[in-house]
Protein chains: 2
Amino acid sequence: MTPKAYRAIQDCQVIVGYKAYLQLLKGLLEGKEIISSGMTQEIRRAEKAIEKALGGNDVCLISSGDPGIYGMAGVILELLGKEEAGKIPIEIVPGVTAASSCASLLGAPLMNDFAVISLSDLLTDRRMIEKRIRSACRGDFVIVFYNPKSRKRIKPLQKAWQILMKYRSPQTPVGIVRNARRADEEVIIISLKEMLAVKQIDMGATVIVGNSKTCTKGRYMITPRGYELTQTH
Amino acid sequence: MTPKAYRAIQDCQVIVGYKAYLQLLKGLLEGKEIISSGMTQEIRRAEKAIEKALGGNDVCLISSGDPGIYGMAGVILELLGKEEAGKIPIEIVPGVTAASSCASLLGAPLMNDFAVISLSDLLTDRRMIEKRIRSACRGDFVIVFYNPKSRKRIKPLQKAWQILMKYRSPQTPVGIVRNARRADEEVIIISLKEMLAVKQIDMGATVIVGNSKTCTKGRYMITPRGYELTQTH
């Protein structure tokens with residue numbers, strides 16, 4: 001969390017957020033009005049935040065990672081009416097997104113161009129997701145998958161894997177990070193061929209699939225930037 | 001900057017970095033050995049950092065934004081020999097990358113899948129860059145361009161624009177942010193058609209090109225996440 005985000009939470013009177021994220025804020029919640037709700041209640045939460053702000057409160061609407069990447073920034077701006085926009089000053093506080101936090105634990109997989117794709121088919125048509133995976137493969141992008149799998153949603157990951165296997169070597173390094181930078185963090189580097197067998201891929205995981213140049217070195221996954229390094233190294 | 005990055009810099013004895021970035025750290029440099037060098041000296045800086053660490057120092061090698069995205073994380077891991085790796089514990093501290101900080105100033109352009117492409121042709125073949133832009137267009141990705149232009153390098157941006165104009169409406173919103181979150185920050189939202197005329201596009205700028213669904217609303221650029229919002233909003 002950046003100091004800017006910390007201060008915003010410290011200074012507000014009302015905090016609105018998904019239950020699981022609020023638990024991570026423990027010490028910061030005291031003395032504030034807390035409005036929490038379950039997953040898939042994004043619109044309800046944003047409406048609540050607007051309502052509370054119109055009532056004269058400083059309100060924090062919480063996302064994990066970066067609110068601007070598949071987070072709450074979009075819902076709140078989409079919902080905000082013209083009249084409301086004039087009354088409520090909104091600030092989006094950027095954060096460290098999962099692509100960055102997970103890459104830092106894997107080594108340096110994002111040193112060259114990459115694509116970020118969410119495998120959640122709740123809000124995006126499955127054919128569109130598959131089209132994007134194919135396009136990213138054709139462009140030899142490193143691919144970062146957000147929301148790779150949930151208890152009920154297994155197919156998009158299987159389908160993604162089938163597409164990846166058509167375009168990339170089965171030996172392509174794949175990095176999987178679960179609960180990055182939390183107490184129960186798990187970091188796995190495996191080949192594309194074996195990826196689907198990894199039990200740790202769930203909603204708390206991020207999956208980074210290398211491009212044609214990505215390699216492993218010791219415990220690291222590295223996509224070369226393209227520097228010409230001398231042979232002494 | 002995250003508190004983790006701040007503490008790492010506070011606790012080290014040697015700081016290695018690109019001159020312009022070290023100037024941003026002013027107050028933190030006192031009493032430390034400072035090794036700075038110019039742009040394109042990435043390998044030299046990483047070698048220096050390894051040398052100093054082998055000499056028993058705690059060393060910080062500085063990147064702006066996130067060191068894992070086109071930053072110094074890759075160079076240092078690529079350079080590190082096997083023997084050295086055993087002697088030097090390395091930690092990559094993730095940060096807020098330009099895609100996140102710039103998106104937060106534009107509104108919510110990254111609410112759906114996006115591709116990150118560097119237009120610097122120093123280390124990547126120009127044909128590969130163009131191929132990636134075409135692939136990202138075909139997949140209807142929002143596209144984030146890093147290093148869009150320098151004083152001497154103008155052609156890749158012109159070429160990128162020509163490709164974008166083939167695939168996307170000339171009215172597609174484009175967000176340009178220069179020196180995000182610094183004193184001389186500039187934020188511009190303009191149509192794809194008019195993009196090339198923007199003088200502020202340089203090495204300190206990041207350019208975000210919307211997908212087919214991206215729209216503007218007041219002073220914001222928004223890519224809808226796909227929620228079905230009721231008509232009352």
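A short reminder: the numbers here are calculations on the coordinates, not readings from a lab. If you're wondering where the values come from, they're calculated on a predicted model, not measured in any experiment. Every residue, glycine as well, gets a Cβ built from its backbone with ideal geometry; the counts of neighbours run over all protein chains shown.
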Estimated distance in nm for a label pair at B:TYR227 and B:GLN158, the labels positioned 7 Å out from Cα along Cα-to-Cβ: 4.4
Take the residue pairs A:LYS217/B:LYS4; A:LYS32/B:LYS213; B:LYS48/B:LYS199; A:LYS199/B:LYS166; B:LYS4/B:LYS48; A:LYS213/B:LYS26 and return only those whose Cα atoms are more than 31 Å apart. A:LYS32/B:LYS213; B:LYS48/B:LYS199; A:LYS199/B:LYS166; A:LYS213/B:LYS26
Each label sits 7 Å from Cα toward the beta-carbon; between B:GLU84 and A:GLU84 the label points are separated, in nm, by 5.4
Principal axis dimensions, the stretch A:104-164 - Cα atoms, whole angstrom, descending: 32, 26, 20
Work through the residues other than A:MET72 whose Cβ is under 10 Å from its Cβ and net out their charges, Lys, Arg +1 and Asp, Glu -1. +1
Taking every residue of B:39-46, the Cβ atoms of other protein chains inside 10 Å of its Cβ average out to 1
List every residue whose amide H lies under 5 Å from the amide H of B:GLY95, counting only residues 5 or more places away in sequence or on a different chain, with H placed 1.01 Å from N in the peptide plane. B:GLY68
Please give the charge dipole size of the stretch A:74-233, origin at the Cα centre, charges +1 on K and R Cβ atoms and -1 on D and E Cβ atoms. Round to the nearest 20 debye. 700
Using only helices, what value at 222 nm comes out for chain B when you add -39,500 (n - 2.57) per DSSP H run of length 4 or more and divide by the total residues, to the nearest 500 deg cm²/dmol? -9500 deg cm²/dmol
Below 13 angstrom from the Cβ of B:CYS102, what's the summed charge of the other residues (Lys, Arg +1; Asp, Glu -1)? -1
Report the one residue of B:ALA20, B:PRO89, B:CYS60 whose Cα lies farthest in the direction of the positive end of the charge dipole of the stretch B:1-135 (charges on C-beta: Lys and Arg +1, Asp and Glu -1; origin at the Cα centre). B:ALA20
Percent antiparallel among DSSP beta bridges confined to chain A, rounded to 5, stands at 55
In debye, nearest 20, what is the charge dipole magnitude of the stretch B:182-233 about its Cα centre with +1 on Lys and Arg Cβ and -1 on Asp and Glu Cβ, if you could check? 200
Using all alpha carbons of chain A, what is the percent of pairwise distances in each 5 Å bin, ordered from the shortest bin to the longest? 1, 6, 13, 16, 16, 13, 11, 10, 7, 4, 2, 0, 0, 0
Compare the Cα positions of B:TYR70, B:SER101, B:SER120 along the charge dipole of the stretch B:69-140 (+1 at Cβ of Lys, Arg; -1 at Cβ of Asp, Glu; about the Cα centre) and return the one farthest towards the positive end. B:SER120
Rel. contact order, % - alpha carbon contacts under 8 angstrom, at least six apart, chain B: 17
What dipole magnitude, in Debye to the nearest 20, does the stretch B:19-98 give about its Cα centre under +1 on Lys/Arg Cβ and -1 on Asp/Glu Cβ? 220
Per residue of the stretch B:169-174, in order, report the coupling 6.51 cos²θ - 1.76 cosθ + 1.60 (Karplus, θ = phi - 60°) as ³J(HN,Hα) in whole Hz, putting x for Gly and Pro. 4, x, 8, 3, x, 10
Formal net charge of residues neighbouring B:LEU192 (Cβ-Cβ distance under 15 Å; K, R +1; D, E -1): +3
Find how much the distance from B:LYS131 to B:GLN200 grows on full extension, using 0.36 nm per residue of separation minus their present alpha carbon separation; answer in nm with one decimal. 22.3 nm
Can you tell which of B:ILE9, B:GLY218, B:LEU196 lies farthest toward the positive end of the dipole of the protein assembly as shown, using +1 and -1 charges on the Cβ of basic and acidic side chains (Lys, Arg; Asp, Glu)? B:LEU196
Set the Förster distance to 25 Å, then compute FRET efficiency between B:ARG138 and A:SER191 from the Cβ-Cβ distance, nearest 0.05. 0.35
Placed amide H near A:THR172: partners under 5 Å, 5+ positions off or other chain: A:LEU192, A:LYS193
Exposure proxy order (Cβ contacts within 10 Å, fewest to most) of A:GLU78, B:GLU91: B:GLU91, A:GLU78
Tell me the volume per residue, in Å³, of the convex hull enclosing the alpha carbons of the protein assembly as shown. 150
